[in-house]
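Q: Sharing a structure below in structure tokens format, with a few things to ask.
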């Protein structure tokens, strides 16, 4: 924009110099100097419009080179809202145009003569044109700004409406989770506790204890999620700490599956990579628990040549799986998470009759922070 403005000013100065060349005799040094000064002053028209107009006005008074004065008057009209001073400036330009100033005997136009009256009318119209044009440009500029403000206001209103609708949906979802899901998980925990206390079979007691522990953990997570949903974005809410590779042993130990964990990973992997590995192992163990009852699992997580690989393999199930509800979105979510990190997830039956899930991700490292002394 600044380059365009400079080019426009240079073009106006060039046209003004051409106007001076055509209408001012080079032998008349005083008039030529006044006209050239008026042309040079156009470079100040954006920053000092009133001063520019005052400098260009004498050129109209002493010569027929009026282009610089008209440009200065247009600039003044496009930048100010003061109508009375603008009208006075236009009258001053018209009066200077109809006056032929030759010191010491200035020649004023005779307004009683038809020719003089026509000349005065033409001069008034010539002076009024840049004023009207400048005011029109100013009105267009203000209208554009107003339209932009209205558009921004409407965008803000739409955003606020969307936030309000989202807050209502979050509150309704939180209410459903609290009234339905939390209640049912609480019943599972209670029944598991009763089974743990009343059963004499060690395996049954252990299974009931696992169910009760997982139910209690699920209730804690549900309560936190309900709190996050009820906050509705109105205030900052503390989120549950995200899992990392250090949480893998506890995940395997509390999975209720006989599983072997082998890891060989550096400690400076980025949090997204660590979360992706954790969620992959978690989803794989969940699938083993649901679809391969009695199976054992092997989890191997290692790093080689800048690639993190996580493999979860389970044996064939020992007994038929119970039909459990599911949305079948687990593997899809894992693949999407891996693709976002530049990796892949492959899952399918193994040669031994079990199932295998493999994750490969580029190993993004956490850069050490340097503190300047």
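Q: Ranked by Cβ crowding within 10 angstrom, fewest neighbours first, how are 304, 291 ordered?
A: So the ranking, lowest neighbour count to highest, is 304, 291.
Q: Something else: Fewest Cβ neighbours within 10 Å first, please rank 62, 252 accordingly.
A: Fewest to most other Cβ atoms nearby, the residues stand as 252, 62.
Q: Also: Rounded, prolate or oblate: which fits segment 2-108, taking a ≥ b ≥ c as square roots of the Cα gyration tensor eigenvalues, rounded meaning a/c under 1.5, else prolate when a/b beats b/c?
A: oblate
Q: What is the spin-label model distance, in nm, from residue 162 to residue 268 if the labels are put 7 Å beyond Cα along the C-beta direction?
A: 4.0 nm
Q: Between residue 25 and residue 205, what is 0.36 nm times their sequence separation minus the Cα-Cα distance? Round to one decimal in nm.
A: 53.3 nm is the gain from fully extending residue 25 to residue 205.
Q: Multiplying the sequence separation of residue 216 and residue 318 by 0.36 nm and subtracting their Cα-Cα distance, what value in nm do you get?
A: Full-extension gain reported as 33.9 nm.
Q: Just rank 53, 132, fewest to most, by other beta-carbon atoms within 10 angstrom.
A: Ranking 53, 132 by Cβ neighbours within 10 Å, fewest first, gives 132, 53.
FYI, it's all coordinate maths here, none of it is from the lab. Please read these numbers as outputs of a predicted model, since none were measured by experiment. Glycine also receives a Cβ, built like all others from the backbone with ideal geometry; neighbour counts cover every protein chain displayed.
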